[in-house]
1. Would it be correct to say that E70 is at pLDDT 90 or above and exposed (fewer than 14 other Cβ atoms within 10 Å of the Cβ)?
2. Of P104, P100, P56, which residue is surrounded by fewer than 13 Cβ atoms within 10 Å (Cβ to Cβ), at pLDDT below 90 and not aliphatic (A, V, I, L, M)?
3. Where residues in segment 24-53 are touching a residue at least 12 places away in the same chain (Cβ under 8 Å) and among the β-branched types (V, I, T), which of them is surrounded by the most Cβ atoms within 10 Å (Cβ to Cβ)?
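The values are calculated or read from the model by the stated rules, or taken from the named source; none is laboratory data. Values in this document were obtained by computation on a predicted structure and should not be read as measured data. Cβ atoms come from the backbone with ideal geometry, glycine included; neighbour counts cover every protein chain shown.
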Amino acid sequence: MTADGGTKPEKSGKDPVWNNDRARNALEKAAEVYVKNPVATPQELRQKVPNYQLIPEEIRRNIEALSAQEHLLLKRILDLLDDYDIYLYSRSGGSTPEYPLGIPALNPVFPTGGY
């Protein structure tokens, strides 16, 4: 998967960073840090998330730029989605037989669903 959600980097013109399992795992670990501490600092992420630097720079910059209030609002929204069994997927094009929507165990980025 490419950085913009596509599957063919030659069409998107962007580096296929999401073909890198370490980058996906780093983003998942960052999400786990935020579950435990919704207002974690960028320094805390860098210390606790292996391969944090592999998360695309624009994504890291945007995460790090959020205020504590914005982090708490984001957590509140994601918790609410989770309460209603609504899961966020990184796959473009919707569901497939292998990855049907609404089944968190099959979510390729966040297997626990939610965030």
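1. Working: at pLDDT 90 or above: yes; exposed (fewer than 14 other Cβ atoms within 10 Å of the Cβ): yes.
It is true that E70 is at pLDDT 90 or above and exposed (fewer than 14 other Cβ atoms within 10 Å of the Cβ).
2. Details: P104 fails: surrounded by fewer than 13 Cβ atoms within 10 Å (Cβ to Cβ); P56 fails: surrounded by fewer than 13 Cβ atoms within 10 Å (Cβ to Cβ).
So the residue among P104, P100, P56 that is surrounded by fewer than 13 Cβ atoms within 10 Å (Cβ to Cβ), at pLDDT below 90 and not aliphatic (A, V, I, L, M) is P100.
3. Within segment 24-53, the match that is surrounded by the most Cβ atoms within 10 Å (Cβ to Cβ) is V49.
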